[in-house]
1. Assuming R0 = 30 Å, can you tell me the calculated FRET efficiency for the pair residue 40 and residue 204, based on Cβ-Cβ distance, to the nearest 0.05?
2. Arrange the following residues from fewest to most other Cβ atoms within 10 Å of their Cβ: 131, 207.
3. Between residue 217 and residue 122, 0.36 nm times their residue separation minus their Cα-Cα distance comes to what?
4. On a C-alpha basis, how far is the centre of the range 129-150 from the centre of the range 35-55 in Å? Whole number, if you could?
5. Throw me the Rg/Rh for the range 117-171, computed over C-alpha atoms with Kirkwood Rh, two decimals.
6. On a full-extension model of 0.36 nm per residue, what is the gain between residue 97 and residue 143, subtracting their alpha-carbon distance, rounded to one decimal in nm?
7. So for the pair residue 106, residue 154, with labels modelled 7 Å out along Cα→Cβ, what separation do we get in nm?
8. Would you calculate the convex hull of the Cα atoms in the range 57-146 and tell me its volume per residue in Å³?
């Protein structure tokens, strides 16, 4: 991993969400009315979250789960309701605070929620049975994303599920248009990934060589286009 590139990118994402996007994300991830475009994005994100959750066991009692890039915490809460001890981490302190405010006061099973602000790659987070990274590596170049996944795999015993932006002509056009906006008004743009290249780099990684690609699913809902992929320990 190019540490400087990863660190710079991480700082851009943190600054964007804390400076610009918290209010928009608070609305998007709530039941509040939104415009037509954001309605499709909300529906797509809901379907993606449901897909990733469907790949986890229904009973997570005694399991430790890392929600890497937890946003406002919806996935983390559902995993905790299934009995998991969830560490939910995000770069944005403001999103993490919103997640804490939305979290239920009690859980039906023995699960727990630990919301933190910081880097999902921090070794101090410890070991996990499952890692879920929804829309948290989409802003990194493929090689950096693979190295991040490798570092997560070092601390995971069972499965890693993540999303990436699939490389398509339409998405490339949308990103090119977005880069015409003044830098201060831009969101950190997506870095589309070709599935074949992603699989090749992951298969060639020393840590991920002990894992296998088990399933994937593409979700398309208006302006939300994302692909989920799961890898499991051999």
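Coordinate-derived values only; no laboratory data. Since the structure is predicted, the reported quantities are computational estimates derived from the model, not experimental observations. Positions of Cβ are generated from backbone atoms using ideal geometry, with glycine treated the same way; all protein chains shown enter the neighbour counts.
1. Details: r = 36 Å, r/R0 = 1.20.
Once the sixth-power term is evaluated, E becomes 0.25.
2. On the way: 131 24, 207 14.
Going from least to most buried by this count: 207, 131.
3. Working: separation 95, 0.36 × 95 = 34.20 nm, distance 2.80 nm.
Contour length minus the Cα-Cα distance gives 31.4 nm.
4. When both Cα centres are located, 19 Å separates them.
5. Details: Rg = 12.2 Å, Rh = 12.1 Å.
Using Cα coordinates only, the ratio equals 1.01.
6. Values: separation 46, 0.36 × 46 = 16.56 nm, distance 3.11 nm.
Extending this stretch completely gives an extra 13.5 nm.
7. Modelled inter-label distance: 4.2 nm.
8. Numbers: hull volume 8.3 nm³, N = 90.
Taking only Cα atoms, the range 57-146 has a hull volume of 92 Å³ per residue.
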